[in-house]
């Protein structure tokens, strides 16, 4: 299990463990890039906990001060969910 509150992890490590931790904890403790936020944090495919389902653009901006609202909104508008960077679905992951 990742120790998000005491360590910083790279994108690949966070992706590998995306189903093992709460997204809100990742958002609060890690420095994230915009594409990771759009692909994982704001995607309902990975929001397994009730608290994660309440994450909004404003929540992201509160914890990721280096992200601008305009950049985030632009990425949300242009994101293609068929990108090869996404983690496989949960059912495949658990097998």
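The values are calculated or read from the model by the stated rules, or taken from the named source; none is laboratory data. Note that the structure is predicted; figures quoted are calculated from it, not measured. All Cβ positions, glycine included, derive from the backbone under ideal geometry; neighbour counts span all protein chains shown.
Annotation: residue 39 fulfils all but one of (1) free of Cβ contacts under 8 Å to residues at least 40 places away in the same chain; (2) crowded, with 17+ Cβ neighbours inside 10 Å; (3) closer than 20 Å to residue 80 by Cα; the unmet one is (1).
Residues checked against (1) surrounded by 10 or more Cβ atoms within 10 Å (Cβ to Cβ); (2) farther than 20 Å from residue 11 by Cα; (3) modelled with pLDDT of 90 or more; (4) under 13 Å from the mean Cα position of the chain (by Cα):
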{"residue": "50", "(1), (2), (3), (4)": "no, yes, yes, no"}
{"residue": "58", "(1), (2), (3), (4)": "no, yes, yes, no"}
{"residue": "81", "(1), (2), (3), (4)": "no, no, no, no"}
{"residue": "86", "(1), (2), (3), (4)": "yes, no, no, yes"}
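Of everything in the stretch 15-31 that is crowded, with 18+ Cβ neighbours inside 10 Å and assigned to a helix (DSSP H, G or I), the residue that is farthest from the chain's Cα centre (by Cα) is 29. Give the residues of the stretch 32-48 that are assigned to a loop (DSSP other than H, G, I, E, B) and at pLDDT 95 or above, sorted by residue number. Within the stretch 32-48, 32, 33, 42 meet the criteria.
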